[in-house]
Amino acid sequence: ICYKTFKQDYNLNIKVLHHTEYINELLNNSCNTLNRLGKTVVYHDPCELSRDIRIYDEPRRVLSEAATLLTAGKEKDDTLCCGGSLANFSATAKQRSDIAMQAYSQINRAGADVMVTSCPMCKKVFERVSDVPVRDIAELAVESMKMKKTVGSPVNEKHLAHEIH
């Protein structure tokens, strides 16, 4: 939601990137590389990022570099809301939890090792109902970069973590 506001509403005279776009640019420009983590992941398209901004390819490219990306049960324009925001919709905590659980069940039908999203609210909500770890895409990218250091390549982790965040 914040990204959408900066990108569309503030009419800033600067290039505004979502962190999935930025990480993808780092990969495209060979500034960083990711190592395979040996995990299967499923990506949850956050509502605003997918339906309104239409960012689909960048997160999938990043994830495909670091892990085996499985197809979500519902994705892209057909993504499911995590139930965390719902704007002015009035719902009880139980109803919101039910929405999150139903969405999680649909999204991770393939049974990935990790569920990945690129929205802090979605991450927080899905962590409450998921039976697998839920990570932000930046966390997974940094984990993949850290792995690179352990296999012998000199990597300045502090610099890479700063570049991601």
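Report, for the chain, the % of DSSP beta bridges that are antiparallel, rounded to 5.
The antiparallel fraction comes to roughly 0 percent.
Dipole of the chain, Cα-centred, from +1 at each Lys and Arg C-beta and -1 at each Asp and Glu C-beta, to the nearest 20 debye?
Numbers: 22 positive and 21 negative charges, 46 e Å.
Taking the Cα centre of the chain as origin, the dipole is about 220 debye.
In Å, the Kirkwood hydrodynamic radius of the range 40-84 over pairs of distinct alpha carbons? Don't skip to the answer; put the middle values down first.
On the way: mean 1/r = 0.0928 Å⁻¹.
Radius from the Kirkwood sum: 10.8 Å.
Would you kindly work out the equivalent ellipsoid of the range 1-42 from its C-alpha gyration tensor and give its semi-axes, the square roots of five times the eigenvalues, largest first in whole Å?
Rounded to whole Å, the semi-axes are 28, 15, 4.
Carbon and sulfur atoms: what percent of the 1.4 Å accessible area of the chain do they account for?
Numbers: 4540 of 9080 Å².
Percent of accessible area from carbon and sulfur atoms in the chain: 50.
Name the residue farthest towards the positive end of the dipole of the range 1-57 from the options VAL41, PHE6, HIS18, assuming +1 on Cβ of Lys and Arg, -1 on Cβ of Asp and Glu, about the Cα centre.
VAL41
For the chain, what's the relative contact order in percent, using C-alpha pairs closer than 8 Å and at least 6 residues apart?
Over the chain, the number comes to 25 percent.
Can you list the HN-Hα couplings for the range 121-136, worked out from phi with the Karplus curve (6.51, -1.76, 1.60; θ = phi - 60°), rounded to whole Hz and with x for Gly and Pro?
5, 4, 4, 4, 5, 5, 4, 6, 10, 7, 9, 10, x, 10, 10, 7
Can you work out the accessible area per residue across the chain, with the rest of the protein chains kept in place, probe 1.4 Å, in square angstrom?
On the way: 9080 Å² over 165 residues.
Per-residue accessible area for the chain comes out at 55 Å².
Based on a Kirkwood Rh over C-alpha pairs, give the Stokes-Einstein translational diffusion coefficient of the range 1-151 at 37 °C and viscosity 0.692 mPa s in µm²/s.
The estimated diffusion coefficient comes to 206 µm²/s.
Can you tell me how much longer the chain between SER64 and LEU12 gets when fully stretched, taken as 0.36 nm per residue apart minus their C-alpha distance, in nm with one decimal?
Answer, rounded to one decimal: 15.6 nm.
What Kirkwood hydrodynamic radius, in Å, does the range 93-138 give when the mean of 1/r is taken over all pairs of distinct Cα atoms and then inverted?
10.6 Å
Would you mind computing, in nm to one decimal, how far apart the modelled labels at GLU127 and THR5 are, each placed 7 Å from Cα along Cα→Cβ?
2.2 nm
The values are calculated or read from the model by the stated rules, or taken from the named source; none is laboratory data. Predicted model, so just to flag it, every value in this text is computed and none were measured. Positions of Cβ are backbone-derived with ideal geometry, glycine not excepted, and every protein chain shown enters the neighbour counts. Note: areas computed on protein heavy atoms with side chains; ligands, DNA, RNA excluded. Shrake-Rupley method; radii C 1.70, N 1.55, O 1.52, S 1.80 Å.
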